[in-house]
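Heads up: the structure comes next, in structure tokens.
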Amino acid sequence: MKRLKIAPGQYLIASPSLLDENFRRTVILICEHGADGSLGLVVNRATPLTLERLDPRFALGERAAGAPGTIYLGGPVEKNRLMVLKSPQVGFPGQVVREVAAGLGLVANIDDTLSHLHSGPQELEGYRFFLGYAGWGKGQLQKELREGSWIIRDPDTRLAFHRDPGRLWQELLRDRGGRYSLYAEMPHDPDLN
């Protein structure tokens, strides 16, 4: 049986047939992948939470979903764990990141990053904040790929910082063309059609 190649920086687009509410209509950035399993972040599920609610020093006024400081639901594992993704365009001296792809990285020391951002909140735009993550044990993701639960998308650092994350799943399916374009227009609940 053919083994599908997965690597950090790639994206998993939930297949229209994937009905698990944890992953339905999600786009996941693969951050780690190895023999023992995989870790990823759901990049298209903004929550109503903001950094300002965690710490009032991040108050920047009114925000829309997807605005700087929005907290995303990274996945169903450890939902109380804050994870920070940094774009290639920002950073500060001494910041340690685990590179995911082409400058896109997971911040290793979240406390140092938050302290730095207190002094320059304008840089929030270059960071995405996630509660929880998506995780797969040894061989689990390969099995789901063989079952057709996921569509693999090549690395593109811009997708992790998409301006309208709520539309990302539909846009990526539309870009694939063919039958996927039809799936992109399906209502979330087909019974409402």
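Taken together, the values in this text are just the output of simple stated rules run on the coordinates, not laboratory data. Treat the numbers as computed from the prediction; the structure is a model and nothing was measured. Virtual Cβ from ideal backbone geometry, glycine too; neighbours counted across all protein chains shown.
For the reader, a short list of remarks on this structure follows.
- Between the beta carbons of Arg176 and Asp55, assuming R0 = 41 Å, the FRET efficiency works out to 0.55 to the nearest 0.05.
- In this label model, Gln89 and His118 are separated by 2.7 nm, measuring between points 7 Å along each Cα→Cβ vector.
- Nearest-ten-degree value, helix 110-119 long axis tilted from longest Cα axis of the chain: 50
- Candidates Gln142, Gln89, Gln170, ranked by Gaussian network fluctuation over the chain, Cα under 10 Å, top entry: Gln89
- Contact order normalised by residue count of the chain, Cα under 8 Å, 6+ apart, percent: 28
- Stokes-Einstein D for the chain, Kirkwood Rh over Cα pairs, 25 °C, 0.890 mPa s (µm²/s): 142
- Cross-link partners of Lys5 among lysines, defined as those whose alpha carbon lies under 17 angstrom from its own and excluding same-chain residues fewer than eight positions apart: Lys138, Lys143.
- Ranked packing of 128-136, 73-81, most packed first, by mean Cβ within 10 Å: 128-136, 73-81
- Rounded FRET efficiency, nearest 0.05, which uses the C-beta distance separating Asn22 from Glu125 and R0 of 22 Å: 0.20
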